[in-house]
Amino acid sequence: MKATNENISPKKPASTQKDEVVIHAKGIKVGFVDNEVLKNITFDLKRGENMVVLGKSGSGKSVTIQCIVGLLKPDAGDLTVFGENVAEMNDDELKQLRMKIGFLFQSGALYDSMTVRENLEFPLTRVLKLNDQQEIDKRVEEVLDGVGLLDAIDKLPSDLSGGMRKRVGLARTLIVKPEIMLYDEPTTGLDPITSREISELILNMQKKYKTSSIIITHDMECARITADRIVVMDDGEYIAEGSYKELQKSDNKIVKSFFSETI
Amino acid sequence: MAEQAITGWRKWAEDIGEQCVFFARFFRNIFAGGFEWSEFVRQCYEIGYRSMMLVGITSFIMGLVLIVQLRPSIVALGAESMLPKTLAVSFIREIGPVITAIICAGKIASSIGAELGSMKVNEQIDAMEVSGANPLQYLVVTRILATSLMVPLLAVIGDVIGLFGGFLALNITDSISLPLYFHKCIASLDFSDFLPAVVKTIFFGFAIGFVGCYKGYHSNKGTESVGIAANSAVVTASLWIFVIDAIAVQITSLLFYK
Ligand SMILES: Nc1ncnc2c1ncn2[C@@H]1O[C@H](COP(=O)(O)OP(=O)(O)OP(=O)(O)O)[C@@H](O)[C@H]1O
Ligand SMILES: [Mg+2]
């Protein structure tokens with residue numbers, strides 16, 4: 001009898017559950033020599049959700065996402081990604097985790113001794129260990145077309161403009177189809193048209209691949225387009241949370257200052 | 001004062017510790033599988049081929065100058081025919097390897113330090129690490145192995161060119177045929193002159209690659225740290241070359257020169 005009961009209500013595997021939490025952070029603290037950068041960061045990121053983080057320069061936004069990929073270790077608090085504690089991972093586990101996370105650096109961080117094509121091939125050959133050249137070429141061209149830079153394929157990063165570099169950086173992270181994307185200021189330094197295109201690209205990624213994203217930005221347009229939920233960060237803590245519409249009505253001075261330009 | 005000294009010592013000790021860890025990680029990554037052959041070959045080309053001219057010119061001049069400088073004293077001793085032998089022994093044992101290594105410290109250690117330093121500053125190393133690739137294997141292992149292989153090769157080439165420089169200088173005053181000159185040089189050389197010299201250049205090469213990579217890989221984030229990394233790579237690598245040379249001479253004299 002017992003067996004049939006189990007057959008009637010089979011448990012779904014964790015990865016298809018709807019409200020599955022992919023990143024869980026609780027009471028994260030990070031300090032450097034003599035300043036405490038993160039004081040108490042707590043949030044959950046659900047599968048397929050876009051969370052936008054707003055906050056003034058130096059408030060610790062980049063530090064937060066560096067903790068998620070294990071570049072920095074929190075001094076205190078719990079940080080689990082896909083249910084596993086990042087701080088306790090060994091090198092191999094960390095590598096496995098990083099393969100599922102895309103990280104767009106504030107600067108783009110292109111490898112400047114390699115052409116755009118080689119930059120994009122790098123994660124395919126070194127991380128996914130693909131060796132079918134046709135497949136590699138196809139994926140490189142597809143993703144580069146997606147960011148509108150197919151004709152820059154054989155250029156070196158030094159021959160690209162800042163915005164182009166950022167788009168190539170974005171392409172390089174998207175090429176491995178990560179489950180979680182961490183964007184560090186994806187639109188800063190870009191013109192309004194390209195910014196909007198990038199924002200829409202982020203949105204498309206979310207729809208197409210069910211990626212969960214954390215998007216750090218100062219660009220309210222980008223926040224409006226991409227956010228399911230926005231958190232506002234100040235002095236190492238989250239001070240407000242809600243949808244774009246909710247936060248627009250907030251009375252908090254800092255929150256107001258972000259939304260004031262966009263009436 | 002005392003406090004400053006203590007923090008200074010502590011930093012120094014921490015640095016040594018970090019270097020040991022870096023060395024262990026380098027060593028583990030050699031055998032980790034997935035050796036980056038194409039990058040290794042590219043580095044060998046960059047490091048070896050592009051330094052050849054410089055090493056050649058300096059060695060040539062050193063050989064030439066040494067003969068000119070040695071000549072009067074040797075002639076005064078009435079041992080003119082010993083000139084090729086004197087040059088060959090001093091060049092192969094000591095001057096060739098050290099000159100080559102110092103030149104390479106200046107050219108290679110600094111460029112590795114600056115390259116990896118700027119990759120660190122521009123977050124390229126972080127980006128590689130975060131993508132799940134192995135920056136140590138791709139950037140560090142290839143460079144250190146390439147210097148360990150290429151510096152000995154450059155030293156051998158430098159030796160030959162240096163001896164040739166000596167031949168030209170000798171030919172200005174005494175006429176000696178090239179075959180006879182090289183015959184005299186080689187006849188005066190022993191296995192115990194050649195082998196320790198080559199072995200020590202392997203260590204020189206390793207030190208150059210290791211120091212360059214370590215300084216670059218551990219540079220701070222900030223544009224001025226690229227310069228600091230390059231500069232301290234040259235200084236530290238040069239120092240290491242002399243330390244290794246001092247140790248090597250002790251060992252060789254114990255083993256060979258009794
Ligand atoms: N590796 C580090 N070592 C020491 N201090 C650091 C380090 N990384 C960041 N910090 C400090 O942490 C604070 C927060 O930095 P962070 O880069 O997270 O700011 P941010 O919110 O991303 O700002 P921005 O919008 O300008 O990028 C800064 O005061 C910075 O000096
Ligand atoms: Mg930042």
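The values are calculated or read from the model by the stated rules, or taken from the named source; none is laboratory data. These numbers were taken from a predicted model, which means no experiment stands behind them. No Cβ is skipped: glycine too gets one built from the backbone with ideal geometry, and neighbour counts run over all protein chains shown. In case anyone asks, the SASA skips ligands and DNA or RNA and just uses the protein heavy atoms, side chains included. Shrake-Rupley method; radii C 1.70, N 1.55, O 1.52, S 1.80 Å.
Remarks
- Within segment A:29-78, the only residue that satisfies the criterion of being in contact with an Asp or Glu (Cβ under 7 Å, 6 or more places away or on another chain), under 23 Å from A:Pro178 (Cβ atoms), part of a loop (DSSP other than H, G, I, E, B) and within 13 Å of ligand 1 (Cβ to nearest atom) is A:Leu71.
- The set of residues in segment B:1-23 being among the aliphatic types (A, V, I, L, M) and more than 18 Å from B:Gly209 (Cα to Cα) consists of B:Met1, B:Ala2, B:Ala5, B:Ile6, B:Ala13.
- Restricting segment B:127-146 to residues that are open to solvent by 10 Å² or more (accessible area, probe 1.4 Å) and assigned to a helix (DSSP H, G or I) leaves a set whose member that is farthest from the other protein chains (Cβ to nearest Cβ) is B:Leu145.
- Condition check for A:Leu203: closer than 18 Å to A:Glu49 by Cβ, crowded, with 23+ Cβ neighbours inside 10 Å and of a type in the set (A, V, I, L, M, F, W, C): no
- Scan of segment A:176-194 for residues that are away from ligand 1 (no atom under 16 Å from the Cβ), without any contact (Cβ under 8 Å) to a residue 60 or more places away in the chain and not aliphatic (A, V, I, L, M), ordered by number: A:Lys177, A:Asp191, A:Pro192, A:Thr194
- Test result for A:Val231, in contact (Cβ under 8 Å) with a residue 60 or more places away in the chain, closer than 23 Å to B:Glu123 by Cβ and crowded, with 16+ Cβ neighbours inside 10 Å: no
- Residues located in segment B:104-126, provided they are without any contact (Cβ under 8 Å) to a residue 24 or more places away in the chain and either open to solvent by 40 Å² or more (accessible area, probe 1.4 Å) or of a type in the set (A, V, I, L, M, F, W, C) (or both): B:Asn122
- All of A:Val69, A:Val37 fail the test of being within 24 Å of A:Asn252 (Cβ to Cβ) and open to solvent by less than 60 Å² (accessible area, probe 1.4 Å), apart from A:Val37.
- Taking the criterion of being touching a residue at least 40 places away in the same chain (Cβ under 8 Å) and more than 26 Å from A:Thr226 (Cβ to Cβ), the residues of segment A:20-54 that qualify are A:Gly27, A:Lys29, A:Gly31, A:Glu36, A:Lys39.
- Taking helices (runs of 4 or more DSSP H) as the structural unit, those lying wholly within segment B:80-124 and holding at least 2 residues that are within 14 Å of chain A (Cβ to nearest Cβ) and out of contact with any Pro (no Cβ under 8 Å at 6 or more places or on another chain) correspond to B:110-121.
- Listed by position, the helices (runs of 4 or more DSSP H) contained in segment A:84-199 that have at least 2 residues being away from every other protein chain (no Cβ under 11 Å) are A:116-126, A:133-146, A:162-174.
- Long-range neighbours under 6 Å by Cβ, at least six apart or interchain, first residue of a type in the set (Lys, Arg) within segment B:92-103, second surrounded by 21 or more Cβ atoms within 10 Å (Cβ to Cβ): B:Arg93/B:Ala197
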